[in-house]
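No value in this document is a laboratory result; all are computed from the given coordinates. All of these numbers come straight from a predicted model, not from anything done at the bench. Backbone-built Cβ (ideal geometry, glycine too); neighbour counts: all protein chains shown.
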Amino acid sequence: MILVSASEPVVLIETSPEAAAKRAADRFVEVVAERTADGGGNCHLALCGGTTPGDLYRHLASSDYSERVAWDKVQIFFGDERDVPQDDVENNYRMVSKVLLDHVPIPLERIHPMPADCRDLAAAAEQYENLIRRLVPAEGDDTPRFDLVLLGMGGEGHTASLFPDTPALAERNRLVTAQFVPVIGRNRMTFTFPLINAARNVMFFVTGGDKANAVAAALGDDAELRSRYPACRVEPHSGQLIFVLDAAAARNFQPT
Ligand code: 6PG
């Protein structure tokens, strides 16, 4: 494992996707332990979907990791969701439940699926935002502060469901929004950057060479390049930005 502490983000590079998944699971457990140790308060987490985090969630579901997490102190939200029912194979909540949440002792009322297949998506997004405002404490300004937002990254630099050239990128007031995404021809619901950037910890877990250009842009300081990749707008105001990568995803990253 190479620990490259760039000027701002912590960058953890592992040789393989499997080793990277374990490293990400380690950081997940550390964040929860920090927040819940010694009878501390609740730990508020936002999870992501896609294919990459499957191994991470499988590790967290194993006894090696699961027994180190105070699941009764965790509140689980989702950073984005597809416009499909909860029982659809494409649904992020379904995937995370089958791989992780069905296998750990977390009370059902602490799991908050994102309702992205409603008829009135704008109203559903507002309801989910209100739920977050009710359950996740704010600090300083009135933006709820997640303890950890877990994010993936697409090859073209989308994260959560914040895709290039979509209106949600410019959203500065709403914390959750829904939009039609032309490049995939589907509606999506997603956290916006104001909510993501208020978090104590934001962890990108990214593997695979197809993400290498987007990762290099996100870890670089070329403003023009950064403007092309939405993931580069993830810049926590006072939180820790962490990249957990495998060697393929990091192959174009040159530590300065
Ligand atoms: C989703 C995710 C999304 C994902 C990226 C990367 O709903 O798909 O939240 O943001 O993290 O699309 O997906 P892969 O992990 O499948 O490459």
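Quick notes
- Computed lengthening from Asp222 to Cys118, 0.36 nm per intervening residue step minus Cα-Cα distance: 33.5 nm
- Added length on full extension, which subtracts the Cα-Cα distance from 0.36 nm per residue, Asp72 to Val10: 19.5 nm
- Packing-based ranking of 216-223, 194-201, 38-45 yields 194-201, 216-223, 38-45, ordered from highest to lowest mean Cβ neighbour count within 10 Å.
- Loop-located GluC sites (Glu not before Pro) in the range 139-201 whose Cβ has at most 11 other Cβ within 10 Å (DSSP): Glu139
- Net +/- balance of residues flanking Tyr128 in space, Cβ distance below 12 Å, scoring K and R +1, D and E -1: -1
- Theoretical ellipticity at 222 nm over the chain - DSSP helices of four or more residues, -39500 (n - 2.57) apiece, nearest 500: -8000 deg cm²/dmol
- Under-5 Å amide H pairs with Asn201, H placed in peptide plane, nonlocal only: Leu148, Val149, Gln240
- Stretching the chain fully between Leu108 and Ser62 yields a gain of 14.7 nm (0.36 nm per residue, less the alpha carbon separation).
- Histogram of C-alpha separations across the chain, 10 Å bin width, %: 7, 33, 39, 19, 1
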